Amino acid sequence: MNVNQFQQELITYAHSIGIDKIGFASSDPFRELKNRLKRQQELGYQSGFEEPDLDKRTVPSLLLNEAESIISIAIAYPSRMENAPQGKKGERRGIFARASWGIDYHTVLRDRLAKLELFIAQHVEDAQTRSMVDTGELSDRAVAERAGIGWSAKNCSIITPEFGSYVYLGEIITNIPFAPDTPMEDECGDCRLCLDVCPTGALIEGGQLNAQRCIAYLTQTKTFLPDEFRTKIGNRIYGCDTCQTVCPKNKGKFNMHQIDFQPDPEIAKPLLVPLLKMSNKEFKSKFGHVSGSWRGKKPIQRNAILALAHFKEESAIPDLIDLLQKDERPVIRGTAAWAIGKIGTSEGMDALQNALKVENDPEVIEEIHKGLSFETIH
């Protein structure tokens with residue numbers, strides 16, 4: 001087999017099945033990355049969603065014995081929504097981050113990677129492959145950077161010249177010795193807009209993120225949101241795009257060509273109040289196909305409550321009181337109590353006083369007191 005010739009055939013095939021960029025990298029250990037990840041662990045900056053074994057994250061040969069190279073792919077997703085509905089008083093809306101528009105990207109990229117693996121298997125005898133997207137052991141960004149897909153930016157995204165940072169990444173480790181591509185020069189320069197506008201200061205410095213403070217991470221947690229972040233998430237119910245939307249390299253990058261990722265405006269920007277009492281079945285039926293549903297409905301509902309507090313939406317008070325009185329989940333009852341106090345109607349304050357008489361959960365009682373403490377502010 002002529003490897004160079006097959007590499008060109010693979011590139012052509014990749015583009016034909018809707019892969020926007022493909023690059024090739026060596027399977028050498030990611031030594032510098034390992035040092036960085038070790039530092040992140042020591043500082044407590046990791047989200048906890050990552051593979052804990054640093055060797056598996058940085059030594060490709062531990063994942064595929066005869067690893068020779070890694071194929072990196074990128075698929076662009078849209079940065080704008082056509083016919084986006086506008087929220088208004090009485091009809092407030094939340095927003096899912098762009099990475100949760102359209103069909104779950106894990107599904108789409110796995111399909112494309114499976115097609116690439118099949119193509120390789122059909123053309124190369126004894127080919128070995130192992131693919132992964134996002135939840136795999138390797139760092140998608142480190143692979144993409146080495147494979148020349150884009151440069152690793154200060155906002156911890158890979159930025160491509162063609163699509164900006166609005167790309168999903170995946171990779172295939174293989175025993176085929178493909179010729180490696182050249183990594184790109186960093187083009188962030190002196191710009192530090194992403195660091196300056198991060199709502200929670202999660203971007204510590206260029207390329208270093210404290211995931212524990214990142215809104216994208218916080219919106220996916222299932223416990224009470226720490227007090228300091230409650231007024232910072234706005235109407236975001238899943239994810240955060242701020243460090244991407246301010247990036248000059250993303251200006252004019254709309255990426256509307258991938259049909260799978262075209263957003264349904266009523267799903268990407270849903271009304272908040274109907275979210276509050278959705279059953280699991282209703283939630284799966286409406287949101288089950290988007291990546292933002294992976295943690296279930298509870299974080300989305302908690303964030304919707306906080307968004308209603310952000311808008312000080314008085315019309316939501318009866319629904320919030322209902323949650324406070326009847327919901328079985330302490331996080332939802334407690335967050336509703338905090339939101340009722342933040343919105344601050346007399347009806348709401350009365351409900352908080354009444355709830356104090358019957359609530360048994362210590363954390364919820366604490367949230368009721370927080371809600372009542374807003375009365376002196378209003």
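The orientation-averaged projected area of the convex hull spanned by the Cα atoms of the range 149-293 comes to 11.8 nm².
Relative contact order for the chain: 20 percent, from Cα pairs under 8 Å spaced at least 6 residues apart, divided by residue count.
Using only Cα coordinates, the Kirkwood hydrodynamic radius of the chain works out to 22.4 Å.
About its Cα centre, the dipole of the chain is roughly 980 debye, where the only charges are +1 on Lys and Arg Cβ and -1 on Asp and Glu Cβ. The simple spin-label model puts a point 7 Å past each Cα toward its Cβ; for residue 114 and residue 192 those points are separated by 4.6 nm. Would you mind telling me which residue in 293, 47, 346 has the biggest mean-square fluctuation in a Gaussian network model of the chain, where springs connect alpha carbons within a distance under 10 angstrom? Top of the fluctuation ranking is 346. With Cα atoms defining each centre, the range 249-306 and the range 59-107 are spaced 12 Å apart in the structure.
How large is log10 I(q)/I(0) at q = 0.09, 0.10, 0.21 Å⁻¹ when the Debye formula is applied to the Cα atoms of the range 234-378, each weighted equally and without solvent? With one equal scatterer per Cα and no solvent, log10 I(q)/I(0) is -0.34, -0.41, -1.23. For the set 232/277; 277/326; 284/312; 89/312; 88/312; 298/326, the pairs lying more than 18 angstrom apart at their alpha carbons are 232/277; 284/312.
For the residue pairs 222/286; 253/297; 115/154; 222/357, the C-alpha atoms sit more than 28 angstrom apart in 253/297; 115/154. Each residue of the range 312-378 gets 66 Å³ once the volume of the Cα convex hull is shared out per residue. Once Lys and Arg get +1 and Asp and Glu get -1 on their Cβ, which of 252, 153, 273 lies farthest toward the positive end of the dipole of the range 135-280? Ranked along the dipole, the leading option is 273. Using 0.36 nm per residue and subtracting the Cα-Cα separation, the extra length available between residue 5 and residue 358 on full extension is 119.7 nm. The stretch between residue 15 and residue 125 holds 37.3 nm of extra length on full extension. This uses 0.36 nm per residue minus the Cα-Cα distance.
Loop-located trypsin sites (Lys or Arg not before Pro) across the range 185-226 with a Cβ neighbour count of 16 or fewer within 10 Å are 192, 222, with loop assigned by DSSP.
For the pair the range 329-378 / the range 122-186, the C-alpha centres are spaced 48 Å from each other.
Values quoted throughout were computed directly from the atomic coordinates according to the rules given, and no laboratory measurement underlies them. In this text, all values refer to a predicted model and were calculated from it rather than measured experimentally. Glycine gets a Cβ as well: all are built from the backbone with ideal geometry, and neighbour counts include every protein chain shown.
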